[in-house]
Amino acid sequence: MKQMPSLEHHFLIAMPSQDDSWFEKTVIYIVEDNEHGTMGLVTNFAHSFSIHDLLNHFEFSPHPDSPFLDKTVLRGGPVDLERGFILHNPAGHWKSSMILPDNLAMTVSDDFIEALSNNQAPESFLVCLGFSGWKPGQLAQELQSNAWLTIPYNEALLFETPIETKWEVALGTLGISPEFLTLEAGNA
């Protein structure tokens with residue numbers, strides 16, 4: 001069987017076959033994709049609380065001038081919902097970060113949360129609770145069954161596009177309008 005190219009540093013865009021599932025209309029940034037499986041973070045599924053609420057949860061006093069206190073925390077996926085993952089740019093120097101391409105990083109340490117409380121966050125960031133994971137070969141099967149589309153990383157899509165329009169904007173990068181999507185896969 002032919003090895004599929006890695007989808008690291010790409011986005012998955014949910015197809016209509018994902019309707020009525022946890023992944024309906026999601027856009028997922030793929031952090032890792034290798035022989036051990038795939039890990040990604042949903043970038044457009046709002047949690048019920050804000051950065052201000054998160055800081056209070058960790059007993060950090062928010063800096064009153066912070067422009068991002070009302071920013072929404074995201075649901076990164078259905079796995080390990082209590083664990084936080086922060087995608088940010090620039091990468092910076094944190095206790096526990098994974099450096100990704102394009103000066104992007106994923107941090108999982110509380111020193112980042114403390115920096116948020118001191119109004120010292122990187123310019124662009126997303127805070128996600130939980131992650132999305134696939135066993136080896138599982139995502140390849142889902143791609144073959146027309147569950148996902150893929151696009152390369154796009155910083156504006158990740159950090160600048162409002163979460164409520166991210167799915168439509170992601171499809172638009174492929175020239176696809178949501179009303180023209182179908183559940184049927186075609187063969188040439």
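Inter-part distance, segment 1-77 to segment 87-105, computed on C-alpha centroids, equals 15 Å.
Each other residue within a Cβ distance under 10 Å of PHE60 adds +1 if Lys or Arg and -1 if Asp or Glu, for a net charge of -3. Tell me whether segment 1-156 comes out rounded, prolate or oblate; compute the Cα gyration tensor, take square roots of the eigenvalues as a ≥ b ≥ c, and use a/c under 1.5 as the rounded threshold. Taking the square roots of the gyration eigenvalues as a ≥ b ≥ c, segment 1-156 is prolate. Using just its DSSP H runs of length 4 or more, each adding -39500 (n - 2.57), the chain gives a mean residue ellipticity at 222 nm of -4000 deg cm²/dmol after division by all residues. About the centre of its Cα atoms, the chain shows a dipole size close to 320 debye [charges on the beta carbon of Lys, Arg (+1) and Asp, Glu (-1) only; nearest 20 debye]. The aspartates and glutamates whose alpha-carbon is closer than 18 Å to the alpha-carbon of LYS166, local same-chain residues fewer than 8 away aside, are ASP19, GLU24, GLU155, GLU179. Per-residue 3J(HN,Hα) values for segment 20-31, derived from phi via the Karplus relation 6.51 cos²θ - 1.76 cosθ + 1.60 with θ = phi - 60°, read 6, 10, 4, 9, 4, 6, 8, 10, 10, 7, 8, 7 Hz in sequence order (x marks Gly and Pro). Net charge dipole, segment 92-148: roughly 220 debye, given to the nearest 20, about the Cα centre with Cβ charges of +1 for Lys and Arg and -1 for Asp and Glu.
Each value in this text was obtained by applying a stated rule to the coordinates, not by laboratory testing. Bear in mind the structure is a predicted one, so any value in this text is a computation, not a measurement. Cβ coordinates were reconstructed from backbone atoms using ideal geometry, including for glycine residues, and neighbour counts include every protein chain displayed.
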